[in-house]
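All remarks here apply to the structure that follows.
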Amino acid sequence: MTGYAARHTTPATAEEAVAVQGELRGRVVVADEAPPPGRPGTLVAGVDVAYDDARDTVAAAVVVLDGGTLEVVEEATAAGPVPFPYLPGLLAFRELPAALAALDRLRGVPDLVVCDGYGLAHPRRFGLASHLGVLTGLPSVGVAKNPFGFAHGPLDAERGARAALTDPATGEVAGAALRTRAGVKPVYVSVGHRVTLDAACAHVLRLARDVRQPETTRRADRLCRAALARAVAGA
DNA sequence: GCGACAG
DNA sequence: ATCTTGTCGC
């Protein structure tokens with residue numbers, strides 16, 4: 001029991017949520033503090049969440065892989081009521097309670113957490129991955145399937161090709177469009193906490209060998225759907 | 001006001 | 001996120 005869940009409180013309003021992001025934003029650390037990609041024995045965790053709004057249920061799953069072999073080391077899930085509505089830019093408040101609860105059920109402490117969504121590539125530079133990273137203190141990266149409001153130039157068709165994700169308003173680099181599979185739509189990577197963009201991309205490439213999404217995310221996605229089905233069924 | 005909008 | 005089967009293509 002690491003007690004991560006107790007570090008988060010669900011805001012009563014969207015305005016409060018935005019204020020919380022403003023308070024925590026400054027705690028994000030952009031530095032190369034996670035173990036390098038591929039190191040055996042390293043614990044790389046993937047987190048994902050599934051919903052059944054009609055039944056007011058959310059289920060999260062964390063799957064921990066060995067960074068060297070990508071073999072599953074440990075898994076944990078947590079379910080509960082949906083804490084917050086989905087509002088663009090405030091996704092974290094919808095996913096954090098269950099995600100932190102699942103992390104609390106882990107026996108080991110991850111060396112890196114891969115989140116489904118954004119980190120610094122966020123309207124206020126504080127997406128889900130950064131929020132989770134700051135609250136847990138764990139290195140984290142954000143991997144999204146869509147560029148939200150960000151833009152990027154063309155990138156080569158080869159695996160590993162990368163292009164800067166920039167904020168159309170400020171021109172600031174917020175992340176990277178990263179091609180994990182040749183000729184396939186890229187994923188959008190950004191720094192969560194305690195990693196650099198280069199390290200984040202390197203990890204994602206290592207975790208997505210022959211598939212578009214990191215293996216961590218794929219496994220967590222499958223597990224949280226199963227956990228949701230169980231939660232809704234009753235057990 | 002209208003559209004866009006991580007999951 | 002979620003509603004949803006088969007099907008076209010490498």
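Quick note: the coordinates plus some simple rules give every number you see, no bench work behind them. None of these values were measured; they are calculated from a predicted model. Note that we place each Cβ from the backbone using ideal geometry, even for glycine, and neighbour counts take in every protein chain shown.
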* To do: List every residue pair whose Cβ atoms lie under 8 Å apart, where the two residues are 6 or more positions apart in sequence or sit on different chains, the first residue falls within the range A:169-194 and is more than 25 Å from A:GLY137 (Cα to Cα), and the second residue, located anywhere, is acidic (Asp, Glu).
  => A:ARG179/A:ASP156; A:ARG179/A:GLU158; A:ARG181/A:ASP210; A:ALA182/A:GLU158
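A quick yes/no check of all residues on (1) surrounded by fewer than 23 Cβ atoms within 10 Å (Cβ to Cβ); (2) away from DNA strand C (no atom under 16 Å from the Cβ); (3) within 28 Å of A:GLY26 (Cβ to Cβ):
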| position | (1), (2), (3) |
| --- | --- |
| A:GLY171 | yes, yes, yes |
| A:VAL184 | yes, no, no |
| A:SER190 | no, yes, yes |
| A:THR196 | yes, yes, yes |
| A:ALA200 | no, yes, yes |
| A:HIS203 | no, yes, yes |
| A:ARG209 | yes, yes, no |
| A:ASP221 | yes, no, no |
* Structure fact -> Here the residues within the range A:122-144 that are within 22 Å of A:PRO36 (Cα to Cα) and in a loop (DSSP other than H, G, I, E, B) are A:GLY137, A:LEU138, A:PRO139
* Just wondering, is there one or more residues in the range A:97-113 that are of a type in the set (Lys, Arg) and within 15 Å of DNA strand C (Cβ to nearest atom)? -> no
* Do you know which of the residues in the range A:41-81 that are in a loop (DSSP other than H, G, I, E, B) and more than 22 Å from A:HIS203 (Cα to Cα) is nearest to DNA strand B (Cβ to nearest atom)? -> A:ASP56
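Here is a check on your reading of the model: is A:LEU87 more than 25 Å from A:ALA31 (Cα to Cα) and within 16 Å of DNA strand C (Cβ to nearest atom)? Can you show your working first?
Values: more than 25 Å from A:ALA31 (Cα to Cα): yes; within 16 Å of DNA strand C (Cβ to nearest atom): yes.
So A:LEU87 passes the test.
Here is a yes/no grid of residues against (1) surrounded by fewer than 16 Cβ atoms within 10 Å (Cβ to Cβ); (2) touching a residue at least 24 places away in the same chain (Cβ under 8 Å); (3) within 16 Å of A:PRO214 (Cα to Cα):
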| site | (1), (2), (3) |
| --- | --- |
| A:ARG25 | no, yes, no |
| A:TYR86 | yes, no, no |
| A:GLY108 | yes, yes, no |
| A:SER130 | no, yes, no |
